[in-house]
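For reference, the structure discussed in these notes is given below.
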Amino acid sequence: MHPKELVRKTFQEKFGLPPAFIARAPGRVNLLGEHVDYNDGFVLPAAIDRATYVAFSGSESDVSTLVAADFGESVQFAPPNIADKTQIDGTPMPEWANYPAGMLWAFSQVGLQAPALRAVFSSNVPRGSGLSSSASVEMAFGVAWQQLAGWNQTPMELALLGQRAEVNYVGVNCGVMDQFASACGQPDRLLYLDCRTLQWQTVPLSPDLSIVVADTTIRRKLTSGEYNKRHDACQAAVRLLKEDLPTITALRDVSSQEFNRLANKLPTEVEKRARHVVEEIERSRQAVPLLESGNFVRFGQLMNECHASLRDLYEVSCPELDVMARVAQSLPGCYGARLTGAGFGGCTVNLVAREQAETFASALSTGYEADCGLHPEIYICRASAGAGIE
Ligand code: ADP
Ligand code: MG
């Protein structure tokens with residue numbers, strides 16, 4: 001059953017009446033600029049046609065009741081218990097509840113007291129696969145609370161609150177890209193965001209192109225720990241490079257010439273991490289003109305270079321992702337293929353000539369299965385609208 005129907009039906013069964021509203025917030029896929037959002041770089045995501053849906057109504061009391069239909073679990077919490085992550089009966093919140101509760105907490109941090117709600121949610125964004133199911137949950141609840149309270153935060157403001165929830169409440173040091181893409185997506189367009197100034201523009205996705213997402217089905221645990229380590233290595237690089245470049249505040253401020261001159265001052269591991277970021281930011285600066293002029297071949301090469309860099313320098317790939325990218329890069333119609341999202345498993349993103357997308361998808365599936373013995377999930381995606389009330 002489609003998650004939108006599932007949440008409507010489950011809400012009716014659980015609460016005995018239909019929901020007042022349904023909120024939807026999509027997952028996202030990033031074409032270029034990986035692991036640079038928390039280094040003030042540029043990213044090129046699109047919201048995809050897979051989303052989290054929340055069926056909800058206001059609640060008469062100050063207790064919120066949330067049902068995670070995909071897990072068959074529910075929680076109840078009230079404002080006094082939010083900060084210490086406990087339910088009204090004193091038991092700890094399950095991990096999944098941190099994302100919606102984190103949104104409530106983030107609103108309270110800017111002086112907005114969100115009303116209690118009754119909600120059922122479900123998603124067809126695969127979890128932990130690099131398509132940002134967590135941001136889609138945050139943005140769907142952000143929209144829900146905004147609707148009940150009658151606030152009018154802009155999509156970017158909601159995205160920043162979602163990032164705050166994930167960094168300070170859930171505890172993952174993420175940048176703003178995931179929430180931004182989920183909040184600000186537009187049909188058939190890519191989004192180009194400057195993560196420092198938060199200025200953004202859209203770029204039409206040529207009708208000649210398809211975005212194909214290929215899920216290795218590999219899920220690694222401890223991803224957030226590895227993620228935070230990469231984040232710390234980038235901070236360490238900035239601290240060390242500041243001795244020679246006192247005005248820099250992020251790796252965004254370092255050109256690759258400067259980096260090459262100073263790289264030997266950095267410990268090997270820090271140097272590799274920082275080199276990926278510096279070079280990836282240079283690649284992503286070229287994205288918009290290449291797409292606008294229809295130079296998909298060069299753009300695709302940058303995607304392939306990005307994969308190699310994530311594999312060899314940032315070291316966030318895994319054998320299955322490398323097979324998926326390698327097979328894709330050898331197939332007709334494929335401009336570029338690379339791992340997307342945090343890494344260590346999950347999905348690749350492929351830019352493919354539209355008329356060859358179906359054949360590409362089935363050949364990729366066969367090639368991956370032959371090599372890894374695993375059956376992948378492959379989605380031909382549409383770039384979609386951002387979060388809102390349905
Ligand atoms: P992703 O790359 O998909 O964002 P994360 O590890 O950041 O991976 O977030 C995944 C977590 O988000 C899940 O472990 C769960 O806690 C929460 N989540 C995502 N989708 C759902 C869902 N449909 N129902 C409940 N919780 C969800
Ligand atoms: Mg996430």
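The values are calculated or read from the model by the stated rules, or taken from the named source; none is laboratory data. All figures in this text were calculated on a predicted structure; none of them were measured in a lab. Cβ: placed from backbone, ideal geometry, glycine included. Neighbour counts: every protein chain shown.
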Checked the range 343-372 for anything buried (at least 23 other Cβ atoms within 10 Å of the Cβ) and either within 14 Å of residue 129 (Cα to Cα) or within 16 Å of ligand 2 (Cβ to nearest atom) (or both); matches are 343, 345, 346, 347, 348, 349
What pairs can you find where one residue is in the range 85-99 and within 15 Å of residue 169 (Cβ to Cβ) and within 16 Å of ligand 2 (Cβ to nearest atom), the other is in a helix (DSSP H, G or I) and of a type in the set (A, V, I, L, M), and their Cβ atoms are less than 6 Å apart, with a gap of 6+ or different chains?
98/170; 99/137
Please note which helices (runs of 4 or more DSSP H) are completely contained in the range 268-373 and include at least 1 residues that are over 21 Å from residue 175 (Cβ atoms), free of Cβ contacts under 8 Å to residues at least 24 places away in the same chain and basic (Lys, Arg).
296-312, 319-329
Could you please find all residues in the range 338-369 being hydrophobic (A, V, I, L, M, F, W, C) and under 14 Å from residue 328 (Cβ atoms)?
339, 347, 349, 351, 352, 353, 357, 360, 361, 363, 364
Residues of the range 240-267 being over 14 Å from residue 41 (Cβ atoms), small (Gly, Ala, Ser) and not in a helix (DSSP H, G or I), which ones?
none
Starting from the range 145-158, take each residue that is closer than 16 Å to residue 54 by Cβ and list its partners that are in a helix (DSSP H, G or I) and of a type in the set (A, V, I, L, M, F, W, C), counting only C-beta distances under 6 angstrom and pairs at least six apart or across chains.
158/183
Of 125, 172, 212, the only residue that is among the β-branched types (Val, Ile, Thr) and surrounded by 24 or more Cβ atoms within 10 Å (Cβ to Cβ) is 212
Looking only at the range 105-129, and only at residues there that are of a type in the set (A, V, I, L, M) and within 15 Å of ligand 1 (Cβ to nearest atom), the one that is farthest from residue 55 (Cα to Cα):
125
Given the criterion in contact with a helix residue (DSSP H, G or I) (Cβ under 7 Å, 6 or more places away or on another chain), closer than 29 Å to residue 379 by Cα and within 16 Å of ligand 1 (Cβ to nearest atom), identify the matching residue among 72, 142, 102.
142
Any idea which of (1) surrounded by 24 or more Cβ atoms within 10 Å (Cβ to Cβ); (2) more than 16 Å from ligand 1 (Cβ to nearest atom) is the one residue 154 doesn't satisfy?
(1)
Breaking point among (1) buried (at least 18 other Cβ atoms within 10 Å of the Cβ); (2) part of a helix (DSSP H, G or I); (3) aliphatic (A, V, I, L, M), for residue 120
(2)
Yes/no for residue 135 being assigned to a helix (DSSP H, G or I), at pLDDT 95 or above, within 9 Å of ligand 2 (Cβ to nearest atom) and touching a helix residue (DSSP H, G or I) at 6+ places or on another chain (Cβ under 6 Å)
yes
Is it the case, given these coordinates, that residue 151 is in a helix (DSSP H, G or I), among the aromatic types (Phe, Trp, Tyr) and more than 13 Å from the chain's Cα centre (by Cα)?
no
One residue from 358, 305, 315, 320 being closer than 27 Å to residue 4 by Cα and modelled with pLDDT of 95 or more:
358
Only unsatisfied item for residue 129, checking (1) within 11 Å of ligand 2 (Cβ to nearest atom); (2) part of a helix (DSSP H, G or I); (3) in contact with an Asp or Glu (Cβ under 8 Å, 6 or more places away or on another chain), is (2)
Kindly evaluate residue 107 against the criterion of being assigned to a helix (DSSP H, G or I), more than 16 Å from ligand 2 (Cβ to nearest atom) and at pLDDT 95 or above.
yes
